[in-house]
Amino acid sequence: MSPKRVWLWRLSFSSALVCMFVLGLAAGAYYHREITVVLNHLRVQLGFALQTGSPTPSPLPENVSTISFTQLHAPLPLVYSETLDESKLQEHLKSGAVVLPLGVAFGEAGNVVVTAHSSGTAAFGPYRFAFAKLGELTTGQEFQVNTPAATYTYRVYGTEIVWPHEVDKLPNDDRSTVTLVTCWPLWTNFKRLLVHSELVNVEYKI
């Protein structure tokens, strides 16, 4: 092979490497969010993400309302929001699961909506994984809402994944119901997981 051909071959090979490198960078930048979502989802499934990141929640006062179900390591505090303002709700979510102000109380006829984070960065606060296990609740499973006045037991009767704007999916009848809501899949705010439940027992404390 002549020196000229060797030089041309080396130039072509170098150009090809540069093109591959640039295309790799472009693909990595384009798919960075998708790859990050997948990797973080796998971390949560393996149990690593739940052990890292945000500060440990403070011990709960005795008179705080909580929600408990089998998949939770400890009861979650309930924060009663007085507004639907997004910025205020995000602040409330750093303190636990949020009860939306829809004019219905636990035990009353109508639907109570309780929402919490399923994942997120450390900036989301110590309860960023509050509802990470919500997808594991199954039809027939029961959970408790504990308030200073009573303990309410609800039984799951259905789950569904909806678009964020599909508020018509919330129950609207005379039953006493609770819908638990979180972003889904994990590490995204793409859709919403709804867990519907109905009141089956009340134990009054006073």
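Every number in this text was worked out from the coordinates using simple rules, so none of it is lab data. Predicted model, so just to flag it, every value in this text is computed and none were measured. Heads up, the Cβs are rebuilt from the backbone with ideal geometry, glycines too, and the neighbour counts pull from every protein chain shown.
Ranked from highest to lowest mean number of other Cβ atoms within 10 Å per residue, what is the order of the peptides 167-175, 146-154? Can you show the working numbers first?
Details: 167-175: 12.0, 146-154: 17.1.
In decreasing order of mean packing, 167-175, 146-154 become 146-154, 167-175.
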For this session: For segment 56-204, just say rounded, prolate or oblate: build the C-alpha gyration tensor, square-root its eigenvalues into a ≥ b ≥ c, call rounded for a/c under 1.5, and beyond that prolate if a/b exceeds b/c, oblate if not.
Result: rounded
For this session: Among the listed pairs K94/K191; K94/K205; K94/K133; K88/K133, give every one whose C-alpha distance is greater than 26 Å.
Result: K94/K205
Problem set entry | Net +/- balance of residues flanking S176 in space, Cβ distance below 13 Å, scoring K and R +1, D and E -1 | -2
For this session: Excluding R155 itself, calculate the net charge of residues whose Cβ lies under 9 Å from the Cβ of R155, where each Lys or Arg counts +1 and each Asp or Glu counts -1.
Result: -2
Problem set entry | Estimated translational D of segment 86-158 in µm²/s (Stokes, Kirkwood radius over Cα pairs; 4 °C; 1.567 mPa s) | 95
Problem set entry | Protection proxy ranking, peptides 186-194, 133-141, average beta carbon neighbours within 10 Å, highest first | 186-194, 133-141
